[in-house]
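Quick notes on the structure that follows.
Nothing in this text is a laboratory measurement; each read-out follows from the coordinates by a stated rule. Not measured: the values here are computed from a predicted model. Cβ placement follows ideal geometry from the backbone for every residue including glycine, while neighbour counts extend to all protein chains displayed.
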Amino acid sequence: MNGGEYADADESQLRWAGLMDETVAETFSAMLGLGCTPSQAAGAPPSPASLRKISARIEFSGAVQGSCAVAMSNADALKIAEIFLSGTADDAMAADTVGELCNVLAGSWKRRLKPPASGAGLSVPAISRHDDAADSSVRQTYNCDGAQLVVRLIVQQMQEE
Amino acid sequence: MIIDDSALMRRIVAKALREAGLPLDEIVEAANGVEGVAALERLAAEGHETSLILCDVHMPALDGVGFLLRRAALGLATAPVLMVTADASDPRVAEALAAGASGFIAKPFSVEQVREQAAAVMVHA
């Protein structure tokens, strides 16, 4: 973790956040060949384009009760989609990108947990055109080749050995 | 053949297959198991051999397990199938392996991982 947003985080939250940092780095390196590191949100005022958000949420079930959400601006989602595709992308592809990132990050993050939490179930991603800023156990902003994504974990219950 | 309800994932997987340098003449895409079975029937009728199928697990209309069972029932289970999943512990992945899938590729995947997994199951790779 480097410069994350973990104020008042307890030991579990710090570990979950560290596992998410690893997960994000692995995902972007493997699938996009990009570095992706935790960062604070930029201090510049957001542009109108960056205010258009796309978010995706996946619910955990079984040994983990909670959710994983990924939010990006429409412009950043388009940018990542175009890197994924090595070509142009449209708004539908941008939404698909956020949903797929959420799916991969949720799956890879919970794989890093100890059993039985590592075998928790995942829902399909639910996509929305806003960022639901609910209270989170872990909230982290990542910078990936100039694009920013916010990952939030809500953990209500977890069973680990 | 790539079967996935996400157009983005179909393009990502197709790109990985091309970059992996596998001996593939053409990549056929289908958005669910129903379309996948229809594509297999069409290819078989045209005399084309399908050398590899990469298949999503969860899809509307007919999911990955349903696709495997239906193609077997129709006598079309000749090509190796690799499931593509973000959750290797999903019980549906084990069901897919029991239904005839040759293995699975876990997301996130690299081109090298796709090459290794595909080459391991393709007859002519």
Peptide ranges B:100-106, A:112-118 listed from the most packed, as the mean C-beta count within 10 angstrom indicates | B:100-106, A:112-118
For segment A:77-136, with the dipole built from +1 on Lys and Arg beta-carbon atoms and -1 on Asp and Glu ones, taken about the Cα centre, which of A:Ala126, A:Ser108, A:Ile80 lies farthest toward the positive end?
-> A:Ser108
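Shape call for segment A:47-161 from the C-alpha gyration tensor, a ≥ b ≥ c root eigenvalues: rounded (a/c under 1.5), prolate (a/b greater than b/c) or oblate? Intermediate values should be presented prior to the final figure.
Details: a/c = 2.32, a/b = 1.88, b/c = 1.23.
Judged from the Cα gyration tensor, segment A:47-161 comes out prolate (a/c at least 1.5, a/b above b/c).
In the protein assembly as shown, what % of DSSP beta bridges are antiparallel (nearest 5)?
Details: 33 of 45 bridges.
DSSP beta bridges in the protein assembly as shown are roughly 75 percent antiparallel.
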Gaussian network model of chain B, Cα springs within a sub-10 Å range: biggest mean-square fluctuation belongs to which of B:Asp63, B:Asp25, B:Asp87?
-> B:Asp25
Give the Rg (one decimal place) followed by the Dmax (whole number) of chain B, computed from C-alpha coordinates and expressed in Å.
-> 13.0, 38
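Sort segment B:57-125 into rounded, prolate or oblate with this rule: let a ≥ b ≥ c be the square roots of the eigenvalues of the Cα gyration tensor; rounded if a/c is under 1.5, and if a/c is not under 1.5, prolate when a/b is larger than b/c, oblate otherwise.
oblate
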What FRET efficiency, computed as 1/(1 + (r/R0)^6) with R0 = 41 Å and r the Cβ-Cβ distance, is obtained for A:Ser29 and B:Ala73, rounded to the nearest 0.05?
-> 0.50
Sorted by chain and then number, the residues having a modelled amide H within less than 5 Å of the amide H of A:Arg52, at least 5 places away or on another chain, are A:Asn74
Using r as the Cβ-Cβ distance of A:Arg112 and A:Ser86, and R0 as 35 Å, what FRET efficiency do you calculate, to the nearest 0.05?
-> 0.75
Determine the shape class of the protein assembly as shown: with a ≥ b ≥ c the square roots of the Cα gyration tensor eigenvalues, call it rounded for a/c under 1.5, and otherwise prolate if a/b is greater than b/c, oblate otherwise.
-> prolate
Which FRET efficiency value, to the nearest 0.05, do you get for B:Val123 and B:Glu41 by plugging their Cβ-Cβ distance into 1/(1 + (r/R0)^6) with R0 = 30 Å?
-> 0.90
Which residues' amide hydrogens lie under 5 Å from the amide hydrogen of B:Ala99, considering only partners 5 or more residues apart or on another chain, with H built in the peptide plane?
-> none
Calc'd 3J(HN,Hα), segment B:19-25, phi into Karplus 6.51 cos²θ - 1.76 cosθ + 1.60 (θ = phi - 60°), Hz, glycine/Pro = x, comes to 5, 6, x, 6, x, 10, 6
